[in-house]
Amino acid sequence: MSGRWHLVAAALLFPALAVAVVSVVARLPLGSETVHFLVYLPWVGLALAAGLALLFGRYGALLLTLLLLSLYLLAGLAMTGAEAAAIRELLALALGSSLLVLAIRPEPWPPALVVFLLAALNGAGAWLLAGGRWPDVRVALVEPLIPAGVALPVSAPAALVLLAGVSAYLVRALVGRTAVSIGILAGTSAVIAALHRATDPMTAEVAWTIAGLAIGIGVILEGHRMAYRDELTGLPGRRALMERLTRPGRRYSVAMVDVDHFKSFNDTYGHEAGDQVLRYVATRLARGARGVRVFRYGGEEFALLFPGASLDRAWPLADELRAVIADSPFTLRTSRRDPSRRGSGGGQEVGVTVSLGVAQRRRGERPTDVLERADAALYRAKAQGRDRVVADPDGG
């Protein structure tokens, strides 16, 4: 299963896990000292998530985190049952509508819009606490669908908005498959679980804490992915390669891979077609590499890492990958981004080949030196006619 599909599984599993944690903790016989301590944890978790979202420029996650932080503050200010019920109603409406908007427009979010929405939310909360009342709105089409005996913690309209927001954002999470969307789903699921147990204050503390931690962890993981993954191909990037090569005490071989005649291909068919070729080569390398790690090095270059392999073992594997690419048909798709090239090459089958240079790490050698020798071998492969693998003669 690819890393992206692992995120799909996580999008379905982690929200359920967050709900389970809230439900289990709500049943624990905790003392008054523990409950008093739990009051401070949501501030820590949500503030940490907000800081991370701001640091990484994830303004959608920042909006949701600050929204939860504001609602947690408003819930703490509610003194009567009517005020608490009004804040729960505001929570369901604000959370559902925010998720709905985030599903339609995930990123980027203008910071000014975040400030405006938060100001509107806090204004509505202050108005409710000052004695304001929600209009008595009924949804005749929704209320008959609620099973008899089921008591909702909020009105049917608010529940409908919340359900629509969660459903839309779940679809977005499954399509986009990002760590941030999974964290948001897990965090909001925990808050909804606490909303269902509206009379249990301890559950609320745990739920808001889980919400902050889930969103914060999602932001960190997404930042890590953006730093270490190539956006075009989905492969680990050069930074990930260098980090792996610096691990001490490892024997390995590396291969530098270059797409043959890539510049002329770009000039003939356009840059979008060039991107298609790079994704195609990346897919073929990743699928055909048994025990080989594939990286996007930059431009039309890729790098292969053969952990624990000598040059005699790495060269046949590299040649096998070269043959897979050369023998596989590749069909250009019609350009969507460049109208002037629309139809140029669309549906046409073209040949794609790669050249490779392989080098084995010597004892005590720096990773940059191994890559330089592999790169020199790659240039010899291109000079000898391309579509071939050349080993560094000094390796071994």
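A few points about this structure:
- Out of Glu231, Glu222, Glu143, one residue alone is at pLDDT 70 or above and exposed (fewer than 15 other Cβ atoms within 10 Å of the Cβ). It is Glu231.
- Inspection of the stretch 156-175 identifies at least one residue that is closer than 19 Å to Phe56 by Cβ, in a helix (DSSP H, G or I), at pLDDT 75 or above and of a type in the set (Gly, Ala, Ser).
- Residues in the stretch 351-396 that are acidic (Asp, Glu) and touching a strand residue (DSSP E or B) at 6+ places or on another chain (Cβ under 7 Å) were compared, and the one that is surrounded by the most Cβ atoms within 10 Å (Cβ to Cβ) is Asp392.
- Of all positions in the stretch 292-305, none carries a residue that is modelled with pLDDT of 90 or more, aromatic (Phe, Trp, Tyr), in the same structural domain as Lys382 (by TED's automatic domain parsing) and farther than 17 Å from Arg279 by Cβ.
- Residue match in the stretch 244-253 (condition: in contact with a strand residue (DSSP E or B) (Cβ under 6 Å, 6 or more places away or on another chain), modelled with pLDDT of 80 or more and crowded, with 24+ Cβ neighbours inside 10 Å): yes
- The one condition in (1) part of a strand (DSSP E or B); (2) within 18 Å of Ala391 (Cβ to Cβ) that Ala314 fails to fulfil: (1)
- So Gly274, is it at pLDDT below 85 and in contact with a helix residue (DSSP H, G or I) (Cβ under 8 Å, 6 or more places away or on another chain): no
- Complete set of residues in the stretch 264-289 that are closer than 24 Å to Leu304 by Cβ, within 26 Å of the chain's Cα centre (by Cα) and not aliphatic (A, V, I, L, M): Gly274, Asp275, Gln276, Arg279, Tyr280, Thr283, Arg284, Arg287, Gly288
- When the stretch 174-190 is limited to residues that are surrounded by fewer than 24 Cβ atoms within 10 Å (Cβ to Cβ) and among the aliphatic types (A, V, I, L, M), the one that is farthest from Glu231 (Cα to Cα) turns out to be Leu174.
- Residue in the stretch 199-215 that is surrounded by fewer than 21 Cβ atoms within 10 Å (Cβ to Cβ), hydrophobic (A, V, I, L, M, F, W, C) and either modelled with pLDDT of 85 or more or in a loop (DSSP other than H, G, I, E, B) (or both) present: no
- When Gly299, Gly237 are screened for being within 23 Å of Thr368 (Cα to Cα), surrounded by fewer than 16 Cβ atoms within 10 Å (Cβ to Cβ) and in contact with a strand residue (DSSP E or B) (Cβ under 9 Å, 6 or more places away or on another chain), only Gly299 passes.
- Sole residue being assigned to a helix (DSSP H, G or I), hydrophobic (A, V, I, L, M, F, W, C) and modelled with pLDDT of 80 or more, chosen from Leu7, Leu13, Leu17, Leu54: Leu54
The values are calculated or read from the model by the stated rules, or taken from the named source; none is laboratory data. Model, not experiment: these values are computed from the prediction. All Cβ positions, even for glycine, are placed from backbone atoms using ideal geometry, and neighbour counts span all protein chains on display.
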